[in-house]
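The values are calculated or read from the model by the stated rules, or taken from the named source; none is laboratory data. None of these values were measured; they are calculated from a predicted model. Using ideal geometry, Cβ is built from the backbone for each residue, glycine included, and neighbour counts are taken over all protein chains shown. Side chains included, ligands, DNA and RNA excluded: accessible areas come from the protein's heavy atoms. Shrake-Rupley method; radii C 1.70, N 1.55, O 1.52, S 1.80 Å.
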Amino acid sequence: MTSYSPPGDGPFAIPTGLLIGAQWTAAASGATIAVDNPATGAVLTHVADGDAAAGIAAVDAAAAAAAAWAATPPRKRAEVLLACFHAMMAEHEWLAQLISLENGKALPDARGEVAYAAEFFRWYAEEAVRIPGELAGSPAGGNRIMVQYQPIGVALLITPWNFPAAMATRKIAPALAAGCTCILKPASETPLTALAIAEIMRRAGVPAGVVNVVTTSTPGPVCSAILHDPRVRKLSFTGSTQVGRVLLREAADQVISSSMELGGNAPFVVFDDADLDAAIDGAMIAKMRNAGEACTAANRFYVQRGIHDAFVARLVERMGALTVGAGTDPATQCGAMINRKAVDKIERLVADAVALGAEVRLGGKAPAGEGYFYPPSVIAGVQPGSEILREEVFGPVAAVVAFDTADEAVALANDTEYGLAAYVYSTDLGRALAIAERIECGMVAVNRGLVSDAAAPFGGMKQSGLGREGSHHGLIEYCEAKYIAVTW
Ligand code: NAP
């Protein structure tokens, strides 16, 4: 089996095959997928290009391991997950370097991601022994209503490239805690992190077949084959709304339970009475974490007129001071975008906004040269109808619009098909909470720039998704509520 050793000391060479049951294997055809370094465009290595048969082989392995894993005592499952947490944290820096290398993000972002990702193992180790149950008397009397939460069965987990570690562990950990086995299909842009985590888990004691990994350049046919296998009972997807819609249709044929973590286009609402320093600090996190390549990234900045000019001036100053470069360079604060297509999309959205009357206050132009870079940018006076207010920019561009009244701010914030995250800044907590309740989205940060937390229910309304990850909600997504009517 082939493997890849990233620069620096690591615990093992990363297997670049398919993990099916106990074995790392090459694709039957011998085909491979190239993995690039976005900072240079150079190929780092190749991973196996699995086909539909590989997907079904992974279902075979997951199905074979399912009964034993479901019957493994929750305490034992918890111990395995806790071992995964410690094993992952022991390789914290190595994994962070790997994420920076294949994803392009700056090392501080990558280090933050490793800690966040590992936390799902610890959190779900703690949740595995707290799976709820219910017992009630029936209203009519005469019998009892007993509810058990049973593992739903084999799960297909599909993850994006922007958080290659955290999006994988946010699904694998609750699946395993609930007693499910799984097949992970990582993004083909960033498979190495997922492969490294799978090997860490294998070494930490996860039994063969409980976690299987299939990398592929043809996700449509491979995932379709998996979703049409009657042994598969769960789909959990994180990625674009566009692909989410396709997968919901695929899952419909076998009526597979589906959790969808989809796109976002978060509003960042700043009232006149906001603490400007705090709002700018929060904006820097909400906009620049992962260089804007986050589903929770603040994209649409709605700033009340009285504080607007000061806010824009300070944002330009802070974003303009960031060092852009290769993620693996310790000086870098804003890394590369994932690929050329991502840079082209940002350029298109900025050009459209400018054509409609927006003013570029910072950045606004991709540099020439190697790698896929876009500079931190601020565009102010963005006009209604601009594409950037409707489409996820997924890059380091803050689009700013002034508003006058609270009702106007709420209407602007809700004027989107998305409903994932939002940010509200005001020193009047009553007002901020009232606005938070009116914004149509799954998560609102009040006077802070970060919502992600393994202990919190993460997810969206409207076309940002279905279901929640993290917290006890995330575990229930992998359970079936079994009602037993009992007479005694
Ligand atoms: P994407 O293009 O939708 O891809 C996501 C995953 O789906 C990848 O593994 C991809 O494989 C796979 N895929 C693509 N087409 C498929 C198909 N027909 N059938 C099955 N799988 C398919 O999204 P992305 O560009 O990687 O990620 C960015 C998007 O994810 C953004 O919209 C972002 O907002 C969203 N996101 C949401 C959350 C959240 O929690 N709500 C978190 C992070 C990201 P390949 O890589 O091989 O194409």
Across the range 237-258, what is the number of residues that are in contact with a Phe, Trp or Tyr (Cβ under 8 Å, 6 or more places away or on another chain) and more than 10 Å from the ligand (Cβ to nearest atom)? 1
Pull out all pairs, ordered by first then second residue, where Cβ-Cβ is under 7 Å, the residues are six or more apart or on different chains, the first lies in the range 335-358 and is under 26 Å from Ala34 (Cα atoms), and the second is of a type in the set (Val, Ile, Thr). Met337/Val343; Ile346/Val393; Ile346/Val397
Reported set for the range 210-236 where residues are more than 11 Å from the ligand (Cβ to nearest atom) and either touching a helix residue (DSSP H, G or I) at 6+ places or on another chain (Cβ under 9 Å) or within 20 Å of Leu420 (Cα to Cα) (or both) is Val210, Val211, Asn212, Val213, His228, Asp229, Arg231, Val232, Lys234
Counted residues, the range 287-339 - those being within 16 Å of the ligand (Cβ to nearest atom) and open to solvent by 30 Å² or more (accessible area, probe 1.4 Å): 2
Where Arg202 falls short, out of the listed (1) basic (Lys, Arg); (2) open to solvent by 10 Å² or more (accessible area, probe 1.4 Å); (3) within 27 Å of Thr416 (Cα to Cα); (4) more than 14 Å from the ligand (Cβ to nearest atom): (3)
Leu95: passes all of (1) under 21 Å from the mean Cα position of the chain (by Cα); (2) more than 30 Å from Gly30 (Cβ to Cβ) but (2)
Among the aliphatic types (A, V, I, L, M) and open to solvent by 30 Å² or more (accessible area, probe 1.4 Å): does that describe Val446? yes
Quick check on my filter: what residues within the range 400-441 are assigned to a loop (DSSP other than H, G, I, E, B) and of a type outside the set (A, V, I, L, M)? Asp404, Thr405, Asp415, Thr416, Glu417, Tyr418, Gly419, Ser426, Thr427, Asp428, Glu440, Cys441
Contact list, first residue from the range 305-323 and on the phi < 0 side of the Ramachandran plot, second anywhere and open to solvent by 50 Å² or more (accessible area, probe 1.4 Å) and not small (Gly, Ala, Ser), beta-carbon distance below 8 Å, six or more apart or interchain, is Arg305/Asp272; Arg305/Asp404; Gly306/Asp272; Ile307/Asp272; Val312/Arg361; Val316/Arg361; Leu322/Gln333; Thr323/Gln333
Mind checking which pairs have a first residue in the range 373-384 that is closer than 19 Å to Gly325 by Cα and a second that is charged (D, E, K, R), Cβ under 9 Å, 6 or more apart or different chains? Tyr374/Glu347; Tyr374/Lys365; Pro375/Lys365; Pro376/Lys287; Pro376/Arg318; Ser377/Arg361; Ser377/Lys365; Val378/Arg361
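Inside the range 134-193, can you point out the residues that are assigned to a strand (DSSP E or B), within 16 Å of the ligand (Cβ to nearest atom) and touching a Ser or Thr at 6+ places or on another chain (Cβ under 8 Å)? Break it down into steps so the answer makes sense when it comes.
Let us first name the residues in the range 134-193 that are assigned to a strand (DSSP E or B), namely 134-137, 144-151, 154-158, 182-185.
Narrowing further to those that are within 16 Å of the ligand (Cβ to nearest atom): 155-158, 182-185.
Listed by number, the residues that qualify are Ala155, Leu156, Leu157, Ile158, Leu184, Lys185.
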Inside the range 259-284, can you point out the residues that are among the small types (Gly, Ala, Ser) and either away from the ligand (no atom under 16 Å from the Cβ) or over 29 Å from Pro160 (Cβ atoms) (or both)? Ala274, Ala278, Ala279, Gly282, Ala283
